[in-house]
Amino acid sequence: MSTKSPDALTVLKTRFGYDAFRHGQDEIIQTVLEGGDAFVLMPTGGGKSLCYQIPALIFPGVTVVVSPLIALMKDQVDALRMNGIAAAYLNSSLEYADQDSVVASLRRGELKLLYIAPEKFFAGGGMFLEMLKQMDVSLFAIDEAHCVSQWGHDFRPEYFHLSRLKQEFPDVPVIALTATADHVTQKDVLEKLGLEDARVFVSSFNRENIHYTVVPKKNSYERLVDYLSAHKGEMGILYTLSRKSAEALSEKLSMDGFLVKPYHAGLSKEVKDKHQELFQKDEINIIVATIAFGMGINKSNVRFVVHMDLPKNLESYYQETGRAGRDGVRSDALLFYGNGDVMKLKRFAEVDGNPEQTRIMLRKLGQMADFCEIRTCRRKHLLNYFGEEFPDTCESCDVCLTEYETFDGTVLAQKALSAVLRLEERFGLSYVVDFLRGSKSEKIRAEHRELKTYGVGADISKTEWMRLIKDLVSMGYLRQSGDQYPVLTLSHKSAAVLRGEEAVTLVQSVHVKEVEAKELPYEEELFEALKSLRMEIAQKEKIPAYIVFSDATLLELATYLPLTLDDMRRISGFGEVKLSRYGEAFLEGVVTYCEEHQLSSKMGEKVSSRKTRVKKESVEKGKPEVNATKQETLRLFLEGKPVAQIAALRNLTTSTIEGHLTFFIGIGELALSDMVSQEKIERIRGELSENGFIPLRALKETLGDAYSYGEIRAVIEEMRRNR
Ligand code: ADP
Ligand code: ZN
């Protein structure tokens, strides 16, 4: 049980304008306030900063924050100052005079938070350290703590000295924070920092608000332009593999009228800084970057990350997509996937003279490709990869939002199996597919061109064949073995198919479900107007716009339409200082808009400050959220309308409607038998008890077309509830 300190909560509300702690924050803060050490592993955007900023405001002395990212320090300090908090930073980017003045105010005990680069910390033969000892230091926070460890991917020698900290200040609590640390690194960090007794807090790495989508890499430029046009004015990062393609893409997009700049290691430092600043300040909205971009960026309103090429491994993918949506607002991660990229990256993965390393790199690449090709929930796959459990569906990745249909794939399977047989089980996926498609490439051996199977699958695209064969492998009709150059071979199930004794059922996607609107609708025009107002203020104060207010705050304003300053106080992100500074200006914007459009306030509908948080909290209290759209479905259903009719009436898919009803079954407000016939319930339960919880798709296949996914899910939901 966590004991919430009222002090911490009050500080959260009055200084930062937030209503509630996110999961884990309160316990971490409590630990630190009680003088204990803490190790915090939380994903980007999880809310690590508040874990030391709030104790800093409650403790009597100063909190010293060690951070390696110089660019971020200024941002953090600006943001704190905006909330009226006395903070400053010391690093090499400051003029000497400014450094002196920071030290002077530190000595006078005026600072609540001091951000410092590690090299400054130990500079001057330990003079700074000695000075600190004369002062009232309440807490040390080590940001990006994985930099301490040589096992981490980002070891920094300057961080090495931090191991002395605990010896020099045995009585000052230390909180170490990072978003990336595997087990080994974590242990190493604790050891290096002398934090063996620290409480360890590990959060879920699920980034709820990021929606993952993988699309075939075909006409990717046109698809990208479509996407960008539909998201005009939003901020995003496009990642490419090479500098050359970053340049080319940036140029092309500029010609097509987008505000975009490139960022990669081939540019001079000045140009890079310039482009990064333009992006930080919302003066351009797209950056085309190679992986060189991102470490030093804290921008919270990045709405999309697009991978034009395949990342090398899932670690990079997670980290890069993680730069979207730090403010908790819905964001997209879009990846263009084509098999050609796998081939290209394979060549890069070869590490000269190090077969072991090569093997690891290739395996990771294979896992990245699997992620793109699977037809199970991407979020689950990603989290499982990092060792975290997750339910079978997330309802917000492309796989979960796609409806599948089965078809008789016996002939296709026979073609694939006989190709493998004719090639004497000695070739890999790519060769087999080229062979099936009758490729004219020199790669295909002359003797193979004579075979009857050569070219029998020319009518199907390469990507489609790749997927089909992977499906055949996962269904056990084929085997794939060998790490570096995997070869396709037949299995014990192949013969029956080849002889025509066994039919093969395959799946194909039919259409993408519409994403259910989870949030209340907001006034788009007002949102844009508020953004301009924010921009004006940001330019006047020479800080990035997201530091004035996050997108999340503006969205709340445009959703709930507060018409008094008191209402404004209830909007997430309005602490007392920001309220008195900017309350009037934003209020006027909202009031004018509402008058012009004859709208009244919707503050009455505001339960808590943010949708995603509402959900989490109510789940914790055992009472999930019921939103208006679900309620409407229930109302129609209770009037006696069948599912299909409700779907038609509401212009939603039947599976969405079934999803709504399942929700009510889950919370016990609707009987399962109202939705699914008794006969079907029994059959589904029967299958489940016989097979255990097999994948939904497999279950659906067994049950046949008369059973919908929605019905199956409803039965499972009720079983869960009963358990
Ligand atoms: P991290 O350092 O873990 O990447 P941040 O500390 O930058 O994440 O927090 C991400 C965003 O979430 C920031 O805009 C922050 O103000 C906001 N935030 C953090 N905690 C809360 C909370 N309890 N309620 C609302 N917003 C929060
Ligand atoms: Zn999913």
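For segment 498-574, list the helices (runs of 4 or more DSSP H) that sit wholly inside it and hold at least 2 residues that are of a type outside the set (A, V, I, L, M, F, W, C) and at pLDDT 90 or above; which are they? Outline the logic, then answer.
Working: elements: 524-541, 545-548, 551-560, 565-569.
Passing ranges, in order: 524-541, 551-560, 565-569.
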Could you give me the residue pairs with C-beta distances under 8 Å whose first residue belongs to segment 210-223 and is at positive phi, whose second residue is within 16 Å of ligand 1 (Cβ to nearest atom) and of a type outside the set (K, R) wherever it lies, and which are 6+ apart or on separate chains?
-> none
Among residues of segment 96-106, those that are surrounded by fewer than 17 Cβ atoms within 10 Å (Cβ to Cβ) and under 17 Å from F59 (Cα atoms), counted = 0
Assess whether K452 counts as being closer than 22 Å to V342 by Cβ, of a type outside the set (S, T, N, Q) and at pLDDT 85 or above.
-> no
Within segment 118-140, identify whether any single residue is in contact with a strand residue (DSSP E or B) (Cβ under 7 Å, 6 or more places away or on another chain), more than 24 Å from F59 (Cβ to Cβ) and surrounded by 16 or more Cβ atoms within 10 Å (Cβ to Cβ), and answer yes or no.
-> no
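Considering A71, A79, which residue is outside the structural domain of A545 (by TED's automatic domain parsing), in contact with a helix residue (DSSP H, G or I) (Cβ under 6 Å, 6 or more places away or on another chain) and at negative phi? It would help to see each step written out before you state the result.
Working: A71 fails: in contact with a helix residue (DSSP H, G or I) (Cβ under 6 Å, 6 or more places away or on another chain).
Testing whether each residue is outside the structural domain of A545 (by TED's automatic domain parsing), in contact with a helix residue (DSSP H, G or I) (Cβ under 6 Å, 6 or more places away or on another chain) and at negative phi leaves just A79.
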Applying the selection to segment 49-77, what residues are touching a strand residue (DSSP E or B) at 6+ places or on another chain (Cβ under 9 Å) and of a type in the set (D, E, K, R)?
-> K74
If you scan segment 209-247, which residues turn out to be within 22 Å of the chain's Cα centre (by Cα), farther than 18 Å from Y263 by Cα and part of a loop (DSSP other than H, G, I, E, B)?
-> N209, K217, H231, K232, G233, E234
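Give segment 625-679 a look and list any residue that's assigned to a loop (DSSP other than H, G, I, E, B) and surrounded by fewer than 16 Cβ atoms within 10 Å (Cβ to Cβ), or say none. Before the answer, list the steps.
Let us first name the residues in segment 625-679 that are assigned to a loop (DSSP other than H, G, I, E, B), namely 625-627, 639-642, 651-653, 667-671, 676-677.
Passing the criteria: V626, E639, G640, P642, N651, I667, G668, E669, A671, S677.
Can you pull out every residue in segment 358-401 that is among the hydroxyl-bearing types (S, T, Y) and either more than 10 Å from ligand 2 (Cβ to nearest atom) or more than 21 Å from E208 (Cβ to Cβ) (or both)? Spell out the reasoning first.
So in segment 358-401, the residues among the hydroxyl-bearing types (S, T, Y) come out as 358, 376, 385, 393, 396.
If the condition is that a residue be among the hydroxyl-bearing types (S, T, Y) and either more than 10 Å from ligand 2 (Cβ to nearest atom) or more than 21 Å from E208 (Cβ to Cβ) (or both), then T358, Y385 are the ones that fit.
Conditions (1) modelled with pLDDT under 90; (2) closer than 29 Å to K364 by Cβ; (3) part of a helix (DSSP H, G or I), marked per residue:
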site	(1), (2), (3)
S418	no, no, yes
M466	yes, yes, yes
K470	yes, yes, yes
V473	yes, yes, yes
R479	no, yes, no
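Just checking: which of the helices (runs of 4 or more DSSP H) contained wholly in segment 107-207 hold 1 or more residues that are small (G, A, S)?
Values: elements: 118-121, 123-133, 157-160, 165-168, 183-192.
Result: 123-133.
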Any chance segment 394-401 includes a residue that's under 30 Å from A496 (Cβ atoms), in contact (Cβ under 8 Å) with a residue 24 or more places away in the chain and crowded, with 17+ Cβ neighbours inside 10 Å?
-> yes
How many residues of segment 444-460 are exposed (fewer than 10 other Cβ atoms within 10 Å of the Cβ) and among the basic types (K, R)? The answer is 1
Count of residues meeting criterion [at pLDDT 85 or above and surrounded by 12 or more Cβ atoms within 10 Å (Cβ to Cβ)] in segment 685-707 = 2
If you go through segment 461-485 one residue at a time, how many are within 22 Å of G338 (Cβ to Cβ), surrounded by fewer than 16 Cβ atoms within 10 Å (Cβ to Cβ) and of a type in the set (S, T, Y)?
-> 3
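For the condition assigned to a helix (DSSP H, G or I) and modelled with pLDDT of 85 or more, what is the one hit in E682, E717, E617?
Details: E717 fails: modelled with pLDDT of 85 or more; E617 fails: modelled with pLDDT of 85 or more.
One residue alone meets the criteria, E682.
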Hits in segment 353-407 (condition: over 18 Å from the mean Cα position of the chain (by Cα), closer than 19 Å to S708 by Cα and not basic (K, R)) | T402, E403, Y404, E405, T406, F407
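Of the residues L417, L436, only one is crowded, with 18+ Cβ neighbours inside 10 Å, free of Cβ contacts under 8 Å to residues at least 40 places away in the same chain, in the same structural domain as S494 (by TED's automatic domain parsing) and touching a helix residue (DSSP H, G or I) at 6+ places or on another chain (Cβ under 7 Å); which?
Going through L417, L436 in turn, the sole match is L436.
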Pick from R303, R330, R323: which is in contact with a Gly (Cβ under 8 Å, 6 or more places away or on another chain), of a type outside the set (S, T, Y), surrounded by fewer than 23 Cβ atoms within 10 Å (Cβ to Cβ) and in contact (Cβ under 8 Å) with a residue 12 or more places away in the chain?
-> R303
Starting from residues that are of a type in the set (S, T, N, Q) and within 16 Å of ligand 2 (Cβ to nearest atom), keep the ones in segment 165-207 and report whichever is farthest from R378 (Cα to Cα).
-> S204
Could you identify the single residue in A71, A104, A88 that is assigned to a helix (DSSP H, G or I) and closer than 25 Å to A179 by Cβ?
-> A71
May I ask you to list the residues in segment 659-680 that are within 22 Å of E395 (Cβ to Cβ) and touching an Asp or Glu at 6+ places or on another chain (Cβ under 7 Å)?
-> T662, I665, G666, L672, V676
List the pairs whose first member sits in segment 20-42 and is touching a residue at least 24 places away in the same chain (Cβ under 8 Å) and assigned to a loop (DSSP other than H, G, I, E, B), whose second member is aromatic (F, W, Y) and away from ligand 1 (no atom under 11 Å from the Cβ), and whose Cβ atoms are under 7 Å apart, counting only residues at least 6 apart or on separate chains?
-> G24/F201
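Only one of these is at pLDDT 95 or above, buried (at least 16 other Cβ atoms within 10 Å of the Cβ), within 30 Å of E320 (Cβ to Cβ) and among the aromatic types (F, W, Y): F21, F39. Name it. Break it down into steps so the answer makes sense when it comes.
On the way: F21 fails: at pLDDT 95 or above.
After ruling out the rest, the residue left standing is F39.
Considering each of V288, V305, V342 in turn, give the residue that is more than 16 Å from ligand 1 (Cβ to nearest atom), in contact with a strand residue (DSSP E or B) (Cβ under 9 Å, 6 or more places away or on another chain) and within 23 Å of L249 (Cα to Cα).
Values: V305 fails: more than 16 Å from ligand 1 (Cβ to nearest atom); V342 fails: in contact with a strand residue (DSSP E or B) (Cβ under 9 Å, 6 or more places away or on another chain).
Answer to the selection: V288.
Scan the strands (runs of 3 or more DSSP E) fully inside segment 284-382 and keep the ones with 2 or more residues being of a type in the set (G, A, S). First the steps, then the outcome.
Details: elements: 286-289, 302-307, 331-337.
It comes to 331-337.
The values are calculated or read from the model by the stated rules, or taken from the named source; none is laboratory data. As the structure is a computational prediction, the values presented were derived from the model and not from experiment. Cβ: placed from backbone, ideal geometry, glycine included. Neighbour counts: every protein chain shown.
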